[in-house]
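**Q** Attaching a single structure in structure tokens format; questions to follow.
The values are calculated or read from the model by the stated rules, or taken from the named source; none is laboratory data. Predicted model only: the values in this text are computed from it and were never measured. Here the Cβ positions follow ideal geometry from the backbone for every residue, glycine too, while neighbour counts run over all protein chains shown.
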Amino acid sequence: MGRLTARDGQGGPGRTRKVSQSERRCPEEGPRSCRSPPAPVCPMDSVGVAAAAPDAGPGPAWQSKCPWGTPNTTSISCSLADVMSEQLAKELQLEEENAAFPEVVAVAEGPFITGENIDTSSDLMLAQMLQMEFDREYDAQLRREEKKINGDSKVSISFENYRKVHPYDSDSSEDEVDWQDTRHDPYRADKPTTTPRRGFIGKGKDITTKHDEVVCGRKNTARMENFAPEFQVGDGIGMDLKLSNQVFNALKQHAYSEERRSARLHEKKEHSTAEKAVDPKTRLLLYKMVNAGMLETITGCISTGKESVVFHAYGGKSATEDKVIPPECAIKVFKTTLNEFKNRDKYIKDDYRFKDRFSKLNPRKIIRMWAEKEMHNLTRMQNAGIPCPQVVILKKHVLVMSFIGKDQIPAPKLKDVTLSSEDMKKAYYQTLNMMQQLYRECNLVHADLSEYNMLWHDGKVWLIDVSQSVEPTHPHGLEFLFRDCRNVAQFFQKGGVAEALNERELFNAVSGLNISADNEVDFQAEIEALEKMNEDHVQNHGKKLSTFSSDGDPPIYDE
Ligand code: ADP
Ligand code: MN
């Protein structure tokens, strides 16, 4: 929550829409294409200039590589005067560029301005300058937007991450195809003799320049290690491979574009929910809650799970809500990444309460349904008097509930507390009772019940995390219940509660069913048979059994 800071005043949340548009514009469109330098294949599209460049003699290799066809080198019909004027124009242009973009030129200094590359680098430089100019404009605009949005509002939003000139990007010369640039080359120290300052070693015939194929080749191979870790370079680094500059540069280009691409993908991933900062939409939701006075402050993150991030907040004094806002709240933000939701859809897809809606919804809305489900289930539990968080408000995929714990410290999970044997026994009977209440009064099976989702607070067990809870007649409801029973029975048996029922006894005690099988395999087979029976009932009668038939009310276990 580093980006949410409390200040006085107010800001118009509506205006923030604009931001998200400009934010979105950044990774997708824009002159990203300008950023990567033009492919170094066909250096010139103008025949005249190509002819004028003394070193760019269009040999056969050059011709075969040009994607725009083979220029007819024999029919160059430009006079010396033309060539001269071209060069003059270029010089003038360069001068102009120098004056207009001094830093850019500084970046491109060396291999581009001086030496033989002067002609071929011009397009590249132009692209760089345009990009640079665009970035600067973009950032200035972003700064204006940021200022406009934040104003003197209570919560300020930083657009830092959307700036174009990132530390990585600002040093754009790093991106260029420039194998000679050894400023950041970790291999330089190891091989000081390969590129001496004067550009060659040895004497007379045995002279070896920095352009020596073998030396460069080895060096290029070694430098592959500088590529991003995800970039597969195979075993090449360990072998005596000699990569030509051309091959190395192509690889390097590819490595960089891959790195960029994966950074972009990563960026998108973080548009869901990350620990440090929730995505802009969620931030806006939280911001609205603070602004509306529902929440006083959002203090920090309590937990980051696979499916949700939970924050702590101090409750505010909302006038509009009829409910009293608890002094401390837990905000559960359901993750909007979709990979996790796949694993869970079996819970909601077969839950008849959501059946009609499931098929019509997009994944984003389904995630909201998880939050909604948790809210409904908590409300049912609350009504039955089961200790659990009290729902404060649900907004899209953000559920605000009362905080179990005190002074920002959440109550410990049952797995993390050491209870006296007396408390352990108490916790056991309470859990058993809650499971029965949940089943009979709330018509629910927790479906993820374990010492991880039970908190110990105020001398009793509190149930949390009920977004996946289902009704017992869910096609897998009884299986889920059996799993819950196994977790609970094992935990309390290991915890030294001698009275603790085993998983099968617990299952019967909670469900009121009388499954007599004395081993787990048969027991599970019977559970599945019951579920099947229920499904057949749906097939034949078009509706589910309201409940599984049992031989009278199960005994109530108590201390
Ligand atoms: P997940 O699906 O990520 O397991 P949970 O609802 O179990 O989500 O919440 C994750 C953790 O956040 C819990 O283990 C608990 O420590 C904490 N937590 C969740 N809700 C509350 C709450 N109402 N009060 C205090 N802590 C909570
Ligand atoms: Mn949990």
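**Q** How many of the residues making up the range 490-531 are in contact with a Ser or Thr (Cβ under 8 Å, 6 or more places away or on another chain) and polar (S, T, N, Q)?
**A** 2
**Q** List pairs: first residue in the range 301-317 and farther than 22 Å from Lys288 by Cβ, second residue near ligand 1 (Cβ under 6 Å from one of its atoms) and not aromatic (Phe, Trp, Tyr) anywhere in the structure, Cβ distance under 7 angstrom, at least six positions apart or on different chains.
**A** Listed pairs, sorted by first residue: Ser303/Val310.
**Q** Report, ordered by the first and then the second residue, all pairs with beta carbons closer than 8 Å, sequence separation of six or more or different chains, a first member in the range 431-450 that is touching a residue at least 24 places away in the same chain (Cβ under 8 Å), and a second member that is among the hydroxyl-bearing types (Ser, Thr, Tyr) and surrounded by fewer than 18 Cβ atoms within 10 Å (Cβ to Cβ).
**A** Filtered contacts from the range 431-450: Leu432/Tyr557; Asn433/Tyr557; Gln436/Tyr557; Asn443/Thr547.
**Q** Within the range 387-398, which residues are within 29 Å of the chain's Cα centre (by Cα) and more than 9 Å from ligand 1 (Cβ to nearest atom)?
**A** Matches in the range 387-398: Val391, Val392, Ile393, Leu394, Lys395, Lys396, His397, Val398.
**Q** Consider Asp407 carefully, then state whether it is within 30 Å of Gly316 (Cβ to Cβ), acidic (Asp, Glu) and either out of contact with any Leu (no Cβ under 7 Å at 6 or more places or on another chain) or within 16 Å of ligand 2 (Cβ to nearest atom) (or both).
**A** In short, yes.
Matching residues to (1) in contact with a Pro (Cβ under 6 Å, 6 or more places away or on another chain); (2) near ligand 1 (Cβ under 10 Å from one of its atoms); (3) of a type in the set (A, V, I, L, M, F, W, C):
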{"site": "Lys413", "(1), (2), (3)": "no, yes, no"}
{"site": "Ser421", "(1), (2), (3)": "no, no, no"}
{"site": "Lys426", "(1), (2), (3)": "no, no, no"}
{"site": "Glu441", "(1), (2), (3)": "no, no, no"}
{"site": "Glu451", "(1), (2), (3)": "no, no, no"}
{"site": "Lys460", "(1), (2), (3)": "yes, no, no"}
{"site": "Val466", "(1), (2), (3)": "no, yes, yes"}
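Conditions (1) surrounded by 20 or more Cβ atoms within 10 Å (Cβ to Cβ); (2) among the charged types (D, E, K, R); (3) outside the structural domain of Ser469 (by the TED database), marked per residue:
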position: Cys485; (1), (2), (3): yes, no, no
position: Phe491; (1), (2), (3): yes, no, no
position: Gly495; (1), (2), (3): no, no, no
position: Leu501; (1), (2), (3): yes, no, no
position: Asn514; (1), (2), (3): no, no, no
position: Asp518; (1), (2), (3): no, yes, no
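**Q** If we keep just the residues of the range 212-232 that are assigned to a loop (DSSP other than H, G, I, E, B) and modelled with pLDDT of 65 or more, which is farthest from Ala255 (Cα to Cα)?
**A** Checked the range 212-232; the qualifying residue farthest from Ala255 (Cα to Cα) is Asp212.
Let's see how each residue does on (1) more than 16 Å from ligand 2 (Cβ to nearest atom); (2) modelled with pLDDT under 95; (3) in a loop (DSSP other than H, G, I, E, B):
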{"residue": "Gln437", "(1), (2), (3)": "yes, no, no"}
{"residue": "Leu449", "(1), (2), (3)": "no, no, yes"}
{"residue": "Tyr452", "(1), (2), (3)": "no, no, yes"}
{"residue": "Leu455", "(1), (2), (3)": "no, no, no"}
{"residue": "Val461", "(1), (2), (3)": "no, no, no"}
{"residue": "Thr473", "(1), (2), (3)": "yes, yes, yes"}
{"residue": "Phe480", "(1), (2), (3)": "no, no, no"}
{"residue": "Gln493", "(1), (2), (3)": "yes, no, no"}
{"residue": "Ala509", "(1), (2), (3)": "yes, no, no"}
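**Q** Please specify each residue of the range 480-507 satisfying the condition of being of a type outside the set (A, V, I, L, M), in contact with a helix residue (DSSP H, G or I) (Cβ under 6 Å, 6 or more places away or on another chain) and either under 14 Å from Leu438 (Cα atoms) or without any contact (Cβ under 8 Å) to a residue 60 or more places away in the chain (or both).
**A** Scanning the range 480-507 gives Phe482, Cys485, Arg486, Asn502, Glu503, Arg504, Phe507.
**Q** Within the bounds of the range 478-496, is there any residue that is more than 16 Å from ligand 1 (Cβ to nearest atom) and on the phi > 0 side of the Ramachandran plot?
**A** Yes.
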